[in-house]
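Just so it is clear, none of the values below were taken in a lab; they were calculated from the coordinates. Predicted model only: the values in this text are computed from it and were never measured. Methodologically, a virtual Cβ is constructed for each residue, glycine included, from the backbone with ideal geometry; neighbour enumeration extends over all protein chains shown.
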Amino acid sequence: MFKEIYENVQHTTPLVHSITNYVTVNDCANIVLAAGGSPIMADGIEEVAEINSICDALVINIGTLNERVIESMIKAGKKANEIGNPVILDPVAVGASQFRNEVTFKLLKEIQFSVIRGNASEIKTIYEGSGTTSGVDANEEDKVEEKSLDNMITLCKNLSKETGAIIVLTGAIDIVASEKNANIIYNGHSLMSKVTGTGCMLTNVIGTYCGANKNNILDSTSIAVAHMGLAGEVAFKKLQKADGGTSSYRMFLIDEISKMNYKKLKEGANIENR
Amino acid sequence: MFKEIYENVQHTTPLVHSITNYVTVNDCANIVLAAGGSPIMADGIEEVAEINSICDALVINIGTLNERVIESMIKAGKKANEIGNPVILDPVAVGASQFRNEVTFKLLKEIQFSVIRGNASEIKTIYEGSGTTSGVDANEEDKVEEKSLDNMITLCKNLSKETGAIIVLTGAIDIVASEKNANIIYNGHSLMSKVTGTGCMLTNVIGTYCGANKNNILDSTSIAVAHMGLAGEVAFKKLQKADGGTSSYRMFLIDEISKMNYKKLKEGANIENR
Amino acid sequence: MFKEIYENVQHTTPLVHSITNYVTVNDCANIVLAAGGSPIMADGIEEVAEINSICDALVINIGTLNERVIESMIKAGKKANEIGNPVILDPVAVGASQFRNEVTFKLLKEIQFSVIRGNASEIKTIYEGSGTTSGVDANEEDKVEEKSLDNMITLCKNLSKETGAIIVLTGAIDIVASEKNANIIYNGHSLMSKVTGTGCMLTNVIGTYCGANKNNILDSTSIAVAHMGLAGEVAFKKLQKADGGTSSYRMFLIDEISKMNYKKLKEGANIENR
């Protein structure tokens with residue numbers, strides 16, 4: 001199944017529609033291409049439904065919100081729901097403002113998401129209906145480590161039950177949870193947090209995988225998370241040889257997404273089912 | 001003339017005004033600098049005409065359309081027409097939505113373009129007045145190969161006659177056509193399609209060349225296309241040595257645009273007149 | 001004090017709120033991370049005040065202005081003033097349009113800035129209340145060289161007195177001036193002008209330093225300017241070895257920001273007090 005999921009992406013070139021922030025949008029488009037998909041970024045209310053109708057997945061990212069784009073998100077999301085395409089939510093910095101909270105809960109009410117991906121602060125904010133997020137990175141006390149892992153898995157499973165979406169909580173350890181199952185992914189490297197948008201990029205890789213595997217969202221998402229994390233590990237090894245900094249790391253990361261193949265991914269993916 | 005066109009860019013540092021999408025805008029600005037120009041991105045309705053009046057060329061790209069920016073495009077385009085500056089259109093993904101079609105035909109009606117650059121699906125959509133574009137990349141059946149080349153050249157010449165603009169159709173082989181002449185450019189590398197915005201970037205390189213050579217749009221555009229394609233070829237050789245992926249390729253591509261000189265370009269340009 | 005300023009950045013991870021243009025926003029976010037801060041880009045009028053209230057500094061950049069975002073700038077600026085956070089202005093291409101002039105003077109009236117950073121044309125435009133800026137780069141006749149340095153220092157000191165802000169005039173030589181003091185920074189490399197947004201990026205590095213050193217804006221800003229300039233010098237050496245172009249240079253520049261440490265910065269900073 002792992003192989004089938006991977007090859008579906010490579011053989012079908014899923015078209016991923018992103019309504020996203022203008023900070024990391026270029027990296028998001030490039031990582032969709034690198035992962036084997038084809039990106040289209042369109043947020044005009046006049047066209048989002050029509051654009052979405054030719055796509056295989058929709059990614060909604062609230063990084064730089066404004067009124068205009070919220071309507072477009074809802075319109076595109078409803079269309080994707082209607083035609084049965086997966087919709088992935090990246091609730092960037094939810095908890096950091098009332099506005100982000102309101103928009104996030106509005107989106108959750110209007111759209112049925114297939115996947116919600118966030119860091120611990122963001123996922124907790126959604127779970128608790130309010131939050132204490134301070135910025136776009138997870139709060140120190142929210143970071144997922146071995147000791148807090150069980151609690152976080154339970155939280156993710158509960159939130160999956162509530163929302164009907166697969167929950168992805170990313171951090172030092174990544175959790176991908178349905179109501180009843182959780183995959184724990186141990187790939188990745190801490191330097192990824194020093195590149196802006198690695199979370200947004202991952203969400204788009206998830207969109208790419210889910211767009212090509214609409215009937216297997218839990219496993220597709222888990223493999224997407226492993227693909228990203230493994231690329232981050234290999235990129236770090238390249239970085240050390242190159243004596244580079246965070247910008248080289250960003251490049252190596254996208255490079256390794258594009259240089260992945262089934263054998264490398266299967267061998268390197270560190271996924272544990274709980 | 002080749003030499004004069006190249007050197008006009010290097011010696012006059014043309015100021016290129018772009019109203020463009022937020023996905024690839026940074027690469028577009030950097031490639032204008034790399035090619036020898038100076039970029040300015042401004043799309044506020046309050047200032048586009050004034051900004052344009054100090055520039056040498058205008059590039060209009062419809063990648064991420066919204067109502068606000070359409071008015072700015074028209075206002076800037078009319079100003080550029082008034083002062084005799086070249087205006088270059090990049091009709092990204094026209095055919096993918098009614099909205100993009102309407103906006104494109106409105107722009108074509110309101111503004112006299114000097115150059116229109118698109119992939120085969122986009123150019124055919126404009127030629128036929130409607131289309132079947134599925135996304136931002138050319139449809140499989142639209143790709144330009146040797147066998148379909150003659151038909152495509154005829155289409156481009158006809159569209160040039162209709163619009164009064166030089167038509168640039170880019171793909172595995174690139175066509176630059178006026179009503180009566182066509183230059184076929186055999187430079188480039190297929191990996192360019194795995195980097196988002198190489199089309200947008202080329203359109204800005206064309207803007208840079210045309211801004212410095214307002215009276216010779218056909219040849220300036222052809223040399224710009226060769227400059228981009230040759231950079232893509234050299235970048236691919238560097239990529240193989242570096243064992244990199246698509247993000248390294250993006251960097252090498254812009255690098256080679258900036259490292260071009262007359263001798264390399266003259267020797268490497270593979271332009272055939274038909 | 002140099003050491004304290006540097007270490008305050010590294011130890012407190014200042015949260016920098018940027019309302020900025022969509023051209024260089026990604027590089028700005030990445031350079032804040034590279035310099036030791038944490039970036040948040042948010043410009044929705046509904047949330048800018050609240051977002052700002054959890055941050056340590058605010059950077060306002062007028063690169064791609066529109067009506068919507070001006071209100072957000074003012075609202076965020078007033079909030080930052082209220083809570084005593086430093087506000088840094090980057091008046092990109094002021095002088096190139098009446099609109100930019102009006103907005104800049106409106107911002108200067110409504111918000112108390114801690115720092116204003118621009119090239120010679122931009123700073124002169126603000127000083128003179130009107131200008132002749134042609135584009136985003138400094139006019140040839142405005143460039144700061146040794147012979148014009150004394151005049152420029154005087155201009156900066158006068159403008160600092162008028163505005164109450166530290167004035168940063170960047171060019172071949174950089175000036176950081178309060179009403180009574182000026183630090184002249186001789187770091188940097190001319191190739192930085194061939195990468196879009198190095199000015200914007202510097203403004204964000206300044207925001208990062210000031211956010212961690214709210215009571216020492218003059219020296220923090222000077223060290224930030226040296227950090228950026230020194231990174232540009234080291235990056236140029238790497239570029240020569242790598243035989244790269246302008247895009248490699250952009251990467252090496254951000255790399256070197258992230259690879260800086262106190263010892264390298266202290267030894268390499270070339271700051272002269274006048």
Give the separation of the Cα centroids, segment A:59-134 to segment B:50-74, in Å. 31 Å
Computed over the Cα atoms, what is the radius of gyration of segment B:2-273 divided by 2.2 N^0.38 Å, N being its residue count? 0.91
Which residues does the label zone of B:GLN240 cover in segment B:191-216, counting backbone N under 15 Å from a point 7 Å along Cα→Cβ? B:191-192
So for the pair B:GLU7, C:ASN215, with labels modelled 7 Å out along Cα→Cβ, what separation do we get in nm? 6.2 nm
Label-point separation (nm) for A:GLU71 and B:ASN270, each offset 7 Å from Cα along Cα-to-Cβ? 5.0 nm
Packing-based ranking, highest mean first, of A:208-217, B:201-210, A:53-62, C:146-155 given that Cβ atoms within 10 Å are counted: B:201-210, A:53-62, A:208-217, C:146-155
HN-Hα J in Hz across segment C:29-36 - Karplus 6.51, -1.76, 1.60, θ = phi - 60°, x for Gly and Pro: 5, 5, 6, 5, 4, 5, 7, x
How large is ³J(HN,Hα) for each residue in segment A:70-78, as worked out from phi by the Karplus curve 6.51 cos²θ - 1.76 cosθ + 1.60 (θ = phi - 60°), to whole Hz, x for Gly and Pro? 5, 4, 5, 4, 5, 4, 5, x, 5
Other-chain or far-sequence residues with amide H under 5 Å of A:ILE166's (modelled H): A:VAL115, A:ILE116
Average partner coverage of C:27-33, which counts Cβ from other chains inside 10 Å: 5
Which distances in nm, rounded to one decimal and ordered from shortest, link the label point of C:SER190 to the equivalent label points in the other identical copies, with labels set 7 Å from Cα toward Cβ? 4.3, 4.3
Residue of C with Cβ nearest the axis relating C to B, plus distance in whole Å? C:TYR22, 3
Mind checking Rg over Rh on segment A:158-209, alpha carbons, Kirkwood formula for Rh? 1.00
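Which whole-number percent is the relative contact order of segment C:157-260 (Cα, under 8 Å, 6+ apart)? Please report the intermediate quantities before stating the final value.
Numbers: 137 pairs, mean separation 23.5, N = 104.
So the answer I get is 23 percent.
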Rounded to the nearest 500, what is the 222 nm mean residue ellipticity of chain B from helices alone, with -39500 (n - 2.57) per DSSP H run of 4+ residues and division by all residues? -17000 deg cm²/dmol
To two decimal places, what compactness ratio does segment C:25-141 give when its Cα radius of gyration is scaled by 2.2 N^0.38 Å? 1.06
Which distances in nm, rounded to one decimal and ordered from shortest, link the label point of A:GLU71 to the equivalent label points in the other identical copies, with labels set 7 Å from Cα toward Cβ? 1.5, 1.5
Simple SL model, points at 7 angstrom along Cα→Cβ for A:PHE105 and B:ASN158; separation in nm is 5.9 nm
Just to be sure I follow: if Rg is taken over the C-alpha atoms of the protein assembly as shown and Rh is the Kirkwood radius over the same atoms, what is Rg/Rh? 0.95
Ranked by Cβ crowding within 10 angstrom, fewest neighbours first, how are A:ASP255, C:ASP43, B:ASP219 ordered? B:ASP219, C:ASP43, A:ASP255
Hey, for C:SER148 with labels 7 Å out along Cα-Cβ, what do the inter-copy distances come to in nm, ordered shortest first? 5.4, 5.4
For peptide B:233-244, compute the average count of partner chain beta-carbon atoms within 10 Å of each residue's beta-carbon. 2
